[in-house]
């Protein structure tokens, strides 16, 4: 899958995107693209601009500079990091799944089975476990028969054993439907093994590359089992710079600014 | 002996509760109770505005609530102060401004107490017309945009990705809230109007397993509170607005004794 995707027209692509909120620069000249059948993992710490970048891709935030190009008619299935599931809102899993569009009971049961969520159609959304919720969110995204899946922190609050299962599920879905997958994660080092491209974001793109399909270390395998070890990979960052305490990029060796300083936009 | 003014009061109260309950569900689902309270503080300034422009008080209040909502949203985006502080400042600023402006209007014989605590027994034909037009418009808008409203409540970005016009839907909810405040103030008064919006909705939670049931139940509870509160106030000669809110509050307290219906289904 990886390698030749760059020659094909991407499903969605951001070119040179910059976003400022007031005087604060949130994204600086960011490029990212997802092709059909490709899994791109966007990693970055909290506040790195990941959420803003996906909102730019969705067309919710208009970039100050740069463009977003989408394949015409592209359908996006989105699994957000959080949904409002306060018990004050009496919503069942079925009610949640049919918010986007009505669906028959059969298709709802099928999609829940496909994501391994079991018979929870009539359960209150506020009471499903964290792992179940991620599967329900994935099911809602799949109901749209998407060309591109965007999964924001699909593993938040999920234990390591289930993480492996969820990664395998996402890889299976990619293989079955051939959709592109954009996975957002705050974990800088452990990424999904099936990832084709890792994009490391810290306001600007720090580095991109392929994850090293390692984690073959016998101790790692014995600790988490072969399933997890096969599903998770270590991503070795190749940064030619580091960030100072204000988040500005500086070279790793001498500490003087590497690029024309953009800090004039910042407080 | 049921006098005409009692029947008009009853009809007006029922109409206001009909709209307030379902709109109130969205207010508590979206945690906008204090936002609603702040809007209600614009009532006096709205009445002054209506008087200056020679319009019905309803129109002035509706417009002023809506203007305040717009200011709150724009100011919140600046992130200069927290939303909590912003609501506290603006609510009392517009309330104070309303009191000052009305004191200048010597020709305006304002029944301040009536606006603060409601005057359900003075509901007239024009009021009834406005109340039922607002209720009909709110309910029609809720039915028409139900799925979109819920979608935006659960997750705004997910709704946007699925093609919901998020900003228009939020705008619609603000219009409905302003309308409900403008009719509700006649019934229970500015200081209690948000109670008419959120208490029946909160009381409806424990008897509802779906959002739709909760919207219907909140309207029913609001209507029962209006009827019981109104007759209670006539019977014991207490103010009607507070009596209505008190009945709704008792309904809410009683609802807490009911086991949560949201939990059924866990065993299947």
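Every number here is computed from the coordinates shown, using simple stated rules; none is lab data. Owing to the predicted nature of the structure, the values given are computational and were not obtained by experimental measurement. Virtual Cβ from ideal backbone geometry, glycine too; neighbours counted across all protein chains shown.
Where the centroid of each part is defined by its Cα atoms, how far is region A:43-119 from region A:124-173 in Å?
10
Could you order the peptides A:42-51, A:138-147 from most to least packed, using the average number of other C-beta atoms within 10 Å per residue? The partial results should precede the final answer.
Values: A:42-51: 19.7, A:138-147: 21.4.
Those peptides, ordered most packed to least, come out A:138-147, A:42-51.
Calculated FRET efficiency, residue A:103 and residue A:243, Cβ-Cβ r, R0 51 Å, to nearest 0.05?
Values: r = 45 Å, r/R0 = 0.89.
Plugging the Cβ-Cβ distance into 1/(1 + (r/R0)^6) gives 0.65.
Using 1/(1 + (r/R0)^6) with R0 = 60 angstrom and r between the beta carbons of residue A:74 and residue B:54, what's the FRET efficiency to the nearest 0.05? Write out the running numbers ahead of the final one.
Values: r = 54 Å, r/R0 = 0.90.
Efficiency, rounded to the nearest 0.05: 0.65.
Per the helix-only calculation at 222 nm, which mean residue ellipticity applies to the protein assembly as shown, given -39500 (n - 2.57) for every DSSP H run of n ≥ 4 and division by its residues, nearest 500 deg cm²/dmol? Present the calculation step by step, with values, prior to reporting the outcome.
Working: 19 runs with 276 residues, N = 535.
Rounded to the nearest 500, the figure is -17000 deg cm²/dmol.
Where is the GNM fluctuation largest for chain B (alpha-carbon springs, 10 angstrom cutoff): B:88, B:36, B:222?
Fluctuation is largest for B:88.
Averaged across B:160-169, how many Cβ atoms of other chains sit within 10 Å of each residue's Cβ atom?
Mean inter-chain Cβ contacts per residue within 10 Å come to 4.
So what's region B:4-257 giving for Cα Rg divided by 2.2 N^0.38 Å, two decimals?
On the way: Rg = 17.6 Å, N = 254, 2.2 N^0.38 = 18.0 Å.
Against the empirical 2.2 N^0.38 Å value, I get 0.98 for region B:4-257.
Just grab the label-to-label distance for residue B:84 and residue A:129, each label 7 Å out from Cα along the Cβ direction, in nm (one decimal).
About 3.4 nm separates the two model spin labels.
Looking only at other chains, what is the average number of their beta-carbon atoms within 10 angstrom of each beta-carbon in A:92-99? Don't skip to the answer; put the middle values down first.
Values: counts 5, 1, 2, 6, 4, 0, 1, 13.
The per-residue average across the peptide is 4.
In region B:218-251, whose amide N lies under 12 Å from the spot 7 Å out along Cα-to-Cβ of residue B:113? List them in ranges.
Once the point is set 7 Å along Cα→Cβ of residue B:113, B:239-240 turn out to lie under 12 Å by backbone N, inside region B:218-251.
Specify whether the C-alpha gyration tensor of region A:1-105 places it in the rounded, prolate or oblate class, a ≥ b ≥ c being the square roots of the eigenvalues: rounded for a/c under 1.5, otherwise prolate if a/b is larger than b/c and oblate if not.
Details: a/c = 2.24, a/b = 1.36, b/c = 1.65.
Note, shape of region A:1-105 comes out oblate.
If I model a spin label as a point 7 Å beyond the Cα along the Cα-Cβ vector, how far apart are those points for residue B:100 and residue B:75 in nm?
Here the answer is 1.4 nm between the modelled labels.
Test of understanding: ordering A:78, A:177 by Cβ neighbours within 10 Å, fewest first, what list do you get?
Details: A:78 25, A:177 17.
Going from least to most buried by this count: A:177, A:78.
Using a 7 Å offset from Cα along Cα-Cβ at residue B:136, what residues in region B:174-191 end up with backbone N under 13 Å from the label point?
none
Taking R0 as 41 Å, what's the FRET efficiency between residue A:188 and residue B:146 from their Cβ-Cβ distance, rounded to 0.05?
Details: r = 42 Å, r/R0 = 1.03.
That pair, residue A:188 with residue B:146, gives E of 0.45.
Calculate the translational D of the protein assembly as shown in whole µm² s⁻¹ from Stokes-Einstein, where the hydrodynamic radius comes from the Kirkwood formula applied to all Cα pairs, the temperature is 20 °C and the viscosity 1.002 mPa s.
Values: Rh = 26.1 Å.
The estimated diffusion coefficient comes to 82 µm²/s.
Below 8 Å, C-alpha to C-alpha, sequence gap of six or more: please give me the relative contact order for region B:26-131 in percent. Could you put the intermediate results ahead of the total?
Details: 89 pairs, mean separation 31.3, N = 106.
RCO, region B:26-131: 30 percent.
What does the structure give for A:70-79 when I average, per residue, the other chain Cβ atoms found within 10 Å of the residue Cβ?
Numbers: counts 0, 0, 0, 0, 0, 3, 3, 3, 7, 2.
Mean inter-chain Cβ contacts per residue within 10 Å come to 2.
With both bridge residues required to lie in the protein assembly as shown, what share of the DSSP beta bridges run antiparallel, to the nearest 5%? Can you show the working numbers first?
Numbers: 25 of 43 bridges.
In the protein assembly as shown, DSSP labels about 60 percent of beta bridges as antiparallel.
Could you list A:98, A:195 in order of exposure, starting from the residue whose Cβ has the fewest other Cβ atoms within 10 Å? Intermediate results must be reported in sequence, preceding the final value.
On the way: A:98 17, A:195 27.
Arranged by neighbour count, lowest to highest, A:98, A:195 become A:98, A:195.
Got a sec? How would B:65, A:207 order by Cβ neighbour count within 10 Å, fewest to most? Walk me through the intermediate numbers first.
On the way: B:65 29, A:207 17.
Listed from fewest to most nearby Cβ atoms, that is A:207, B:65.
Let me have the relative contact order for chain B, percent, based on Cα pairs under 8 Å that are six or more residues apart. Working shown, then result.
Details: 411 pairs, mean separation 78.6, N = 268.
Relative CO of chain B lands at 29 percent.
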